[in-house]
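Novice: Right, I'll just put the structure down here and ask away after.
The values are calculated or read from the model by the stated rules, or taken from the named source; none is laboratory data. No experiment lies behind these values; they were computed from the predicted model shown. As a convention, Cβ positions derive from the backbone with ideal geometry for all residues, glycine included, and neighbour counts pool all protein chains shown. Calculation scope for accessible area: heavy atoms of the full protein, side chains included, ligands and nucleic acids excluded. Shrake-Rupley method; radii C 1.70, N 1.55, O 1.52, S 1.80 Å.
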Amino acid sequence: MQIKNNIHQKLLKYAISLLPPALISGPLLADLIVCISSLYFLTFLWKSNQINFIKNDFSKIFLIFCVYNITNSFFADDIIMSLKNSLFYIRFLLLIFLIKFLILKENKFLKLFFISLVISFSIVIIDAIVEYYLGYHWLFDKSTYPEFLSGSRISGLFDEEYIMGSYLLKLYPILLSLTFITFNNNQKKNFIIFIITLFVLIGIIVSGER
């Protein structure tokens, strides 16, 4: 039973660690990972008699908030569109508990997530710098994009979505926190923080996003 549980935990660990690169492709793949992982996690807790893990005051408050949002959706101008956003909002509650569960149960989860973030950041930033200097992108044809033609914006791997700066800025605090957790040596830690911060700044500046 323990071996079987370990397999489930490792599958969830690798799935969540794929979120940073999945976000580069757009919201669809990332949402798919979150939804499937959340349902898988809920099923795993139920079958392993650990459902109490998600029962606390925070989950009760969050559920009340979800019910409130769903109720408000029936009074919106576009009920279907509003329900699409509010009905499945509970997946974020399950994601929070899933990450907490992995931190407690999987010792190498934070390190793996840190590596995933570093690789994702490196690919995004290097690709953007190459596009900036070449004046075109090797993967996407951006000759029809107004922002690209004006030379004011670089979207990199995000194609027509100019959100590269936002992607780096929003995930940077997580990467910074994981750096403090991952490295014990202060000198090495400070050097890595400096390198990460420098590259993130370069990426944001190159993106043209303010």
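Novice: For I16, state whether it is surrounded by 12 or more Cβ atoms within 10 Å (Cβ to Cβ) and either modelled with pLDDT under 90 or within 17 Å of K111 (Cβ to Cβ) (or both).
Specialist: yes
Novice: Continuing with this model, one more query. Condition check: β-branched (V, I, T), assigned to a helix (DSSP H, G or I) and buried (at least 18 other Cβ atoms within 10 Å of the Cβ). Does I125 satisfy that?
Specialist: Yes: the conditions hold for I125.
Novice: Just wondering, is there one or more residues in region 26-47 that are touching a helix residue (DSSP H, G or I) at 6+ places or on another chain (Cβ under 9 Å), surrounded by 11 or more Cβ atoms within 10 Å (Cβ to Cβ), small (G, A, S) and not in a helix (DSSP H, G or I)?
Specialist: Yes, there is a match, as at least one residue in region 26-47 is touching a helix residue (DSSP H, G or I) at 6+ places or on another chain (Cβ under 9 Å), surrounded by 11 or more Cβ atoms within 10 Å (Cβ to Cβ), small (G, A, S) and not in a helix (DSSP H, G or I).
Novice: May I pose another question? Among F109, F140, which is the only one that is open to solvent by less than 60 Å² (accessible area, probe 1.4 Å), within 30 Å of N56 (Cα to Cα) and either of a type in the set (F, W, Y) or in contact with a Leu (Cβ under 9 Å, 6 or more places away or on another chain) (or both)?
Specialist: Only one candidate passes the filter, namely F109.
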